Amino acid sequence: MYMKAIKIIILFITLNLSAQQGGMWIPSLLKGMNETEMQNLGSKLTSDDIYSINHSSLKDAVVHFNGGCTAEIISDQGLLLTNHHCGFGQIQSHSTVENDYLQDGFWAMDIKDELPNKNLEVTFIVRIEDVTKAVLNGVTDAMTPKQTQATIQKNTNTLQKNYTVAAGQKTKVKSFFKGNQYFLFVTETYTDIRLVGAPPSSIGKFGSDTDNWMFPRHTGDFSIFRIYADKNNRPADYSEDNVPFTPKHFLPVSLDGVAEGDFTLVFGFPGRTNEYLPAVAVAQITQKVNPTNIKIREEALKVIDAAMKTSVQTKIQYASKQAHIANYWKKWIGENQGIEKSNAIAKKRKFEAIFQQKVNKKRKYKKYRNLLADFDALYASYEPYAVKRSNFIEIFYRTSDLMQQMFRLYQLEQSASKGAEVFAKTKQYVVAQIARVQKDFNPAVDQKVLEAIMPLYDANYGGTEFYKTTKFTNLTDALSQLEGTPEEVVARINKDAAYQFAKPYIAEFYGEMSSKYRQINGEIAKVQKQYLKALMEVLPDNRYYPDANSTLRVTYGQVRGYSPKDAVYYNHVSYLDGVMEKYIPGDYEFDVPQKLQDLYKTKDFGQYTDANGKVPVCFLGTNHTTGGNSGSPVIDAHGNLIGLNFDRVWEGTMSDMNYDPNICRNIMVDARYILFIIDKYAGCTRLIDEMKLVHPKKK
């Protein structure tokens, strides 16, 4: 009887996870099914508590952080919490050999010590509206992809031109369900964002590459900023006269922590998912595109990692770049493994067979009968262009700093034939991009990187001797090449050895490679739009949520451990004990600051422990997240902050194409660890005093 009861409980949990986990939902559309599901999972929140335009709600405490991450407001003075890796660029920009904030951390002990940041902004979502009818007005199935896009763009421009917003607000229209639905977002952006605090990388990046995408995790991946506004609380460029922003809503921070089964809501701006790709597309990505890109990044990382060990200056220069390259290198490896482990391609093919059978049975579905065959033909012709184009971007845009400059110079040359005004505008942009690259440019390291990766693109590429003569290995010489008339600039850069090397490759990229890629991609997009429409019509009982597209979303779940493979089970929480177990003195990934060691030895944990007297560091949840959810608040059943989302487990990174509730888990920093580091490690108690700390479980 006892074993039977256990089996029933396990079956219930499995069914519960499968039925109610997964999905990135539009916050303005939660009322109904989603609200009921959340409450069944333990939430005490209503849809109106989460999203409202009539009163303050959770959405007013969540911002898009510099267009790539998420952040949340945790005080009534605009205090902003996000990931350490999201603020890494800003921490790096303030770092020098004498004041290395990456190594030592940074804490503004007084508000006057908070550091301004150039080109950093946060964006609020004011409201969301369905504008599908207006955007698709006049669009027909008979149109070519180019005609469809032109009509949609014209309708969108008209809509935005006539849409009334308050001063300082903007609008943007985004496509959902592969172009079957459109929403308009009213936004408000603040640009005076100051660095308030960041732990040293030995805490904020603890485990670095080895632990990235893994559990158990022991990373205090957080940093703190503050939004500043003018005296009327409106957006304003940096000024000493600006004051801390007063938000419509901020998140209280829970001291009660989490238990397995607790409700979790992650609110943020997930970047991109492709849950409705056909099996042939998933196979192409994981078997053709990913492996080649993995190899390119792997070779680049070997060079960079070795160089970073040679000097402090090189380590600072390459810290952010190395992290960006390593992040998706490892992610793609895990994604491929997850797709294989979950048998995702075979499952998709089985699902497609069911879809095809239903389509073939009814005359009214006749127009959908060739969709899967069309996918097969299109992806076969798409493959060579998709692989080579992706490899080009890895080498000439993401990995080599010199080639990235050449890429920008090519754009400048092409603008010269479009008139002086266009050239001047393009030049201004190119100068800014070259200056950005040159800030952390190390020609010797970059040359070795290119020598390692270029043979993977062209085995007969001819060497890298041009590094000795090019004018683009230092900023002064580089900018001098861009002085004069458009004709003079074009003539000068065409004499540069590095540009002579790169230009044929870049011309090929902008030529047939991109032309064919765009053409076939447009045809695929048209079929994909029809396919998703067909799925909803032919299989209406299935659950459908829109793919991520960097717009505000809600994903809900529960705190859960998981079993990635036979005889292995990961508990839902990790502790400070694990930090000390991983400690390797002097190691760039697993060193532990002496102050943290002392706090651990003396058990000086303050109020930041759980019931067993331990300091929780990270925990797991079943929330469906992706890139862009970094820095997202993890919110409890009552609307309080309990953690900070920063990663996924390696086995579950394939959730961008195939969410599996049995193995997909997001990883979050426990709010109590964040408070512990701020209070006990940094001694920055003014920030603790500024927050509202609560005990929701003791009510």
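No value in this document is a laboratory result; all are computed from the given coordinates. Everything numeric in this text was worked out from a predicted model, so none of it was measured. Cβ sites come from the backbone with ideal geometry, for glycine too, and all protein chains shown count toward neighbours.
For region 221-317, the list of trypsin sites (Lys or Arg not before Pro) that fall in a loop by DSSP and count at most 15 other C-beta atoms within 10 angstrom reads 231, 248, 272, 309. Computed from phi, the 3J(HN,Hα) profile of region 33-47 under the Karplus parametrisation 6.51, -1.76, 1.60 (θ = phi - 60°) reads 4, 5, 4, 5, 4, 4, 5, 5, 7, x, 5, 9, 8, 9, 4 Hz, with x in place of Gly and Pro. Geometric descriptor of region 550-617, per residue, is 208 Å³ (volume of the convex hull of the Cα atoms). What fraction, in whole percent, of alpha-carbon pairs in region 290-361 exceed 17 Å separation? Tail of the P(r) past 17 Å holds 60 percent of the pairs. Taking a sphere under 15 Å around the Cβ of residue 369 and counting the other residues whose Cβ falls inside, with K and R at +1 and D and E at -1, yields a net charge of +3.
Neighbour counts of C-beta atoms inside 10 Å place 86, 618 in the sequence 86, 618, starting with the fewest. For residue 648, the amide hydrogen comes within under 5 Å of the amide hydrogens of 213, 667, counting only partners 5 or more places away or on other chains and with H modelled in the peptide plane. Can you tell me the mean projection area, over all orientations, of the convex hull of region 124-190's alpha carbons? Units nm², please. Averaged projected hull area, Cα only: 4.8 nm². Taking all Cα pairs closer than 8 Å and separated by 6 or more residues, the relative contact order of the chain comes to 24 percent. Taking label positions 7 Å along the Cα-Cβ direction at both residue 597 and residue 568, the computed distance is 3.0 nm, reported to one decimal.
Note on residue 589 and residue 287: the extension gain reaches 105.6 nm, defined as 0.36 nm multiplied by sequence separation minus the Cα-Cα distance. Full extension of the chain segment joining residue 172 with residue 380 gains 71.4 nm, where the gain is 0.36 nm per residue of separation less the Cα-Cα distance. Across region 320-330, computed HN-Hα scalar couplings (Karplus, 6.51 cos²θ - 1.76 cosθ + 1.60, θ = phi - 60°) run 5, 4, 4, 5, 5, 5, 5, 4, 7, 4, 6 Hz from first to last residue, x flagging Gly and Pro. Based on Cα contacts under 8 Å between residues 6+ apart, region 279-538 shows a relative contact order of 26 percent.
Sorted fewest first by neighbouring Cβ atoms within 10 angstrom, 354, 393, 635 come out as 354, 393, 635. Residue by residue, region 599-607 carries 3J(HN,Hα) couplings of 4, 5, 5, 8, 6, 8, 9, x, 9 Hz when phi is fed to the Karplus relation 6.51 cos²θ - 1.76 cosθ + 1.60 (θ = phi - 60°); x denotes Gly or Pro. Counted by Cβ distance under 14 Å from residue 113, the other residues give a net charge of +1, where Lys and Arg count +1 and Asp and Glu count -1. Our estimate of slack between residue 465 and residue 231, defined as 0.36 nm per intervening residue step minus the Cα-Cα distance, is 78.6 nm. Distance from the alpha carbon centroid of region 147-201 to that of region 89-113 works out to 32 angstrom.
Within the same chain, aspartates and glutamates fewer than 8 places from residue 697 are excluded, and of the rest, those with a Cα less than 20 Å from its Cα are 49, 256, 260, 262, 610, 636, 670. Using the structure shown, list the pairs from 427/495; 288/471; 302/388; 309/601; 315/614; 178/288 with a Cα-Cα distance above 28 Å, or answer none. 288/471; 309/601; 315/614, as the Cα separations exceed 28 Å there. Note on residue 343/residue 305: beta-carbon distance plugged into 1/(1 + (r/R0)^6) with R0 of 25 Å gives a FRET efficiency of 0.15. For the chain, 618, 664, 684 stand unpaired, since no other cysteine beta carbon lies under 4.7 Å from theirs. Distances between placed amide hydrogens fall under 5 Å for residue 223 paired with 82, 83, 84, all partners being 5 or more residues away or on another chain. Around the amide H of residue 183, modelled in the peptide plane, lie the amide H atoms of 131, 174, 176, all under 5 Å away and 5 or more residues distant in sequence or on another chain. Our helix-only sum for the chain, with -39,500 (n - 2.57) per DSSP H run of n ≥ 4 divided by its residues, gives a mean residue ellipticity at 222 nm of -13000 deg cm²/dmol.
Give me the net charge for the shell around residue 150: Cβ to Cβ below 15 angstrom, other residues only, Lys and Arg +1, Asp and Glu -1. The partial results should precede the final answer.
On the way: positive: 146, 154, 518, 526; negative: none.
The answer is +4.
From the alpha carbon centroid of region 307-368 to that of region 575-611 is 35 Å. Neighbour counting of Cβ atoms within 10 Å sorts the residues 624, 94, 85, fewest neighbours leading, into 94, 85, 624.
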